[in-house]
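To start, the structure itself, in structure tokens.
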Amino acid sequence: MKKMRRKVFMTAGYNTISMGTGRKEFHPKKARPGLEEYIKEAGQGTLKMIGGAQAVDEGVIGNFMAARFNHQGNLTALIPTIDEGLRWKSCTRVEGACASGGLALLNGIKSVLAQTAEVALVIGVEVQNTVKAVYGADILAGAGWYRGERKTGHAFFFPAKFSDRAGVYFEKFGRERTRRALARWYRNAIENARLCPSAQEYHNKSLDLEALAMSEPNPRSFVEHLNFYDCSKVSDGAAAIAIVSESGLKRIGCSTKEAVEVLGWAQVQADLTVPVTEAFRLETTERAVKQALKMAGITSADLGTVEGHDCFTIAGIMSLEAIGLCKPGEGPDFVLAGNTSRQGSTPFNTSGGLIGWGHPTGATGVHQAITIWEQLTGKAGDWKIDIASKRPYGLSVNMGGNDKTLVAIVYRQGQ
Amino acid sequence: MTYTERLRNVSVLGAGGKMGSGIVLLTALEMADLSQKAENRSQPFVLQAIDISHAALAGLMPYLQVQIQKVAEKNIVRLRQVYQEREDLIENSDIIAQYIADVLNIVRPTTALEAAYESTMIFEAIVENIAVKTKVLSQINTNNLNSPWFFSNTSAIPIHELDEKAGLGGRILGFHFYNPPAVQKLVELISAKTTQSELLDFAGSYAKNLRKTMVPANDFAGFIGNGHFMRDFLYAKGEIERLQAEVTFAEAVYMINKVSQDFLLRPMGIFQLCDYVGLDVCQLILRVMSPYFSGENLHSPLLDELIAQGVRGGQFPDGSQKDGFFKYEKNRPSAIYDPKQKGYLSLADLQSGCDDSLGPLPTVFQPWKAVIALADKDAFLKTYFGELQALNTLGAQMAKAYGLRSREIGLQLLSQGVAKKESDVNAVLTTGFYHAYGPINNYFSEVSK
């Protein structure tokens, strides 16, 4: 699609807490909320802002691996648990690994474009703390090619995939500078998360974050080129947002200013069974962002803020280059110069991103859209940044697997 | 016989007990590692887990299952390599399940002592009674044609006596694990004069593979660990008697326990430690040690009295603490036993009064757990004990005297020839008892100047 045939907006975002290690409330051996509670909390949070379930035409839920983490399938049938008023309505569940949330957004967008819905309730959810990390790694490895890659893969499959990428990147562009940039990325993420009460790292009190993040990786117990601080944590959580047309906005009593308009989007699919050849770059991300920016009619220089998919710090750095904010190999300098910090030229992941806010996989894409909505409509709390009037655009990039399934969306405050 | 050959057929006696089950676990893991080497795959590895109690053996297997799983989860990166040729094992969970099965497959629980007759290596972790140990070891030695090696886990009985009385011809040494063996890093190594040197070489490799810190102790009853612990306890018991001129039994127990824990920065107070070890075990150790130190009174009528009243301490099979000097709620002391009233008195009723009498801790105080994690621990300890020295409260005075006595015991272990050097004494107390500092230090001697 070259341009939007109809205006599409997002509004009324609601995040649950991203729960897991680091949160004071979290105790691995104590009972915790499950899928049902998270879906309900997030869904009701959004419904409350849009006048209830009667305003909704359709529900979409994004989730990666509830079938294994929670032994639960048919998640679409949990949507009506949010509100009785959603029963008998059209609902869908989508899955694309860690891009499941982004795919859910796109399903909502497409429904509004197709005029099969004026108001779509979109939810993302994942509850992962049901198993220890060593078994969670098996489940998350499902985002890779099981038959072709799992047996030869590392115990910590995805950390190792991105550790391998980091190794190649170090080799090509230099380790020392990149290692420092990864540590800075971590620090920025935690400092942002400390401002956002729903973030998993909200309670983080560590003093010297960069020194901590410079810890040497230990391949005997983990992976070769990354340490624990380079990785997003195991998280439980949900996020919900309403995707609406102009008439939908009227129906829910929301002004355009209180919404963001979707100006461009792209969903780009790579082949799961084809190995990555240039591990130092995120080719699929590049393609998705390029398409979305083109559709919106802007360039990366116009972006006021970005929600990037930093499942690992190295993915954060590489995404800068994929988005076109800097040249290949210059991502580390871009970060070390402060450009991605909240006071920088292009603040990234202002509520903490995957490293700081958390990564409840199926919810992440939706959470990213909510953060952009909060920033562009002035609804962010203590984590609010200044958006330059000359660069009023936001971008979210949601990645599934090893740069395989990509969703990129460009936003601007409703006019 | 090579290291591997020696470990092909092993027996653990007392396998259902707390120490025995830990030894079974660690040894089975080591044997499993050996069995997975290409050159060893055709040979069976067998660990006879022998105990007189069916009930104890029934508890052993679930314990092993849980512990092996933890080990597998921790070592998953390496295990994926070990099982890389197994096409059917793909996920971490597949590999962990296979590893558990492989380790458990080595262990044969049995109540028949005859199972040890084919072993080349015998670990002994049975009751601390020289007559019983002698009888069992001698019986195995007589019936076993392999001239097996005996590793005793005794914490107190001199190894040369076991060697002589059971007629083992120097095929024995003391290999004293700390409780629980799976967790504690320390092993005390005790060789009798007659111990064959091959056993020591093997012990060195075995300890290294188990990632244990081995500290040698001379062959004197109690060795270093209990040599210090028992005398430390007897001093504390004497303090109860001294304090009872002013306060009740329960108050004295509380105050001395607090001084030995908080004021001295130890992981637990002395009476809580007795409960952890078991009052009955402490009594046994004292009984074993007593005849060897004729100039010292190593007997505690208080322990006898408490045990006679059924107060024994020790742990439940799940590791939770049984009541002893203290009653425990969620593994924390909640009440103190009073032998006169034959019942427990609530801690809450006497705590604040006792705390007032003891006076405050030094202002720089940090709990033991924080202290051992400090990067500049030595500097902290110097400041802390410097401040303690300047305090004149009852608590500070008791702590200073307690620390000095602990130092005296450490030096006594050296002068009696139990320990070979100061650093060995300190290593046992810091690694085996997790003290933040060794007993032979200058923190209290400076105080005395």
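The values are calculated or read from the model by the stated rules, or taken from the named source; none is laboratory data. These figures come from a predicted structure and were not determined experimentally. Neighbour counts are summed over all protein chains in view; Cβ atoms, including those assigned to glycine, are modelled from backbone coordinates with ideal geometry.
Residues of segment B:27-56 that are more than 18 Å from B:A115 (Cα to Cα) and in contact with a helix residue (DSSP H, G or I) (Cβ under 9 Å, 6 or more places away or on another chain): B:L29, B:E30, B:A32, B:D33, B:L34, B:S35, B:Q36, B:K37, B:E39, B:N40, B:R41, B:Q43.
Working only within segment A:215-228, note down all residues that are closer than 26 Å to A:K24 by Cβ, under 25 Å from the mean Cα position of the chain (by Cα) and not aromatic (F, W, Y). Walk me through it before giving the result.
Going through segment A:215-228, the residues closer than 26 Å to A:K24 by Cβ turn out to be A:215, A:222, A:227-228.
Still in the list and also under 25 Å from the mean Cα position of the chain (by Cα): A:222, A:227-228.
Residue satisfying the conditions is A:N227 alone.
Table: residues versus (1) more than 14 Å from chain B (Cβ to nearest Cβ); (2) surrounded by fewer than 18 Cβ atoms within 10 Å (Cβ to Cβ); (3) acidic (D, E); (4) touching a helix residue (DSSP H, G or I) at 6+ places or on another chain (Cβ under 6 Å).
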{"site": "A:G148", "(1), (2), (3), (4)": "no, yes, no, no"}
{"site": "A:G153", "(1), (2), (3), (4)": "no, no, no, no"}
{"site": "A:F158", "(1), (2), (3), (4)": "no, no, no, yes"}
{"site": "A:A166", "(1), (2), (3), (4)": "yes, no, no, yes"}
{"site": "A:F173", "(1), (2), (3), (4)": "yes, no, no, no"}
{"site": "A:T178", "(1), (2), (3), (4)": "yes, no, no, yes"}
{"site": "A:L182", "(1), (2), (3), (4)": "yes, no, no, yes"}
{"site": "A:N188", "(1), (2), (3), (4)": "yes, no, no, no"}
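Out of everything in segment B:241-274 that is of a type in the set (V, I, T) and surrounded by 19 or more Cβ atoms within 10 Å (Cβ to Cβ), what residue ends up being nearest to B:I285 (Cα to Cα)? It would help to see each step written out before you state the result.
The first filter runs over segment B:241-274 and keeps only residues of a type in the set (V, I, T), leaving B:247-248, B:253, B:256, B:259, B:270.
The next check asks that each one be surrounded by 19 or more Cβ atoms within 10 Å (Cβ to Cβ); those that pass are B:253, B:256, B:259, B:270.
Details: B:V253: 21, B:I256: 22, B:V259: 24, B:I270: 16 Å.
That would be B:I270.
Checked against (1) facing chain A (nearest Cβ under 9 Å); (2) surrounded by fewer than 15 Cβ atoms within 10 Å (Cβ to Cβ), B:V66 passes all but a single condition, namely (1). Of all residues in segment B:69-114, those satisfying the criterion of being acidic (D, E) and within 9 Å of chain A (Cβ to nearest Cβ) are B:E73, B:E87, B:E91, B:D94. Considering only residues in segment B:367-420 that are in contact (Cβ under 8 Å) with a residue 60 or more places away in the chain and outside any helix (DSSP H, G or I), the one that is surrounded by the fewest Cβ atoms within 10 Å (Cβ to Cβ) turns out to be B:G417.
Going by the conditions given, is B:A203 free of Cβ contacts under 8 Å to residues at least 24 places away in the same chain and surrounded by 19 or more Cβ atoms within 10 Å (Cβ to Cβ)? Spelling it out, it is not the case that B:A203 is free of Cβ contacts under 8 Å to residues at least 24 places away in the same chain and surrounded by 19 or more Cβ atoms within 10 Å (Cβ to Cβ).
Scanning segment B:288-316 for residues that are without any contact (Cβ under 8 Å) to a residue 12 or more places away in the chain and under 25 Å from B:S21 (Cα atoms) yields a count of 1. B:I50 meets each of the listed conditions (1) surrounded by fewer than 19 Cβ atoms within 10 Å (Cβ to Cβ); (2) of a type outside the set (S, T, N, Q); (3) more than 14 Å from chain A (Cβ to nearest Cβ) apart from (1).
Only one of the numbered conditions (1) on the phi < 0 side of the Ramachandran plot; (2) without any contact (Cβ under 8 Å) to a residue 40 or more places away in the chain; (3) not polar (S, T, N, Q) is violated by A:M49, and that is (2).
For segment A:193-215, taking the residues that are under 20 Å from A:A181 (Cβ atoms), among the charged types (D, E, K, R) and part of a loop (DSSP other than H, G, I, E, B), the one that is modelled with the highest pLDDT is identified as A:E201.
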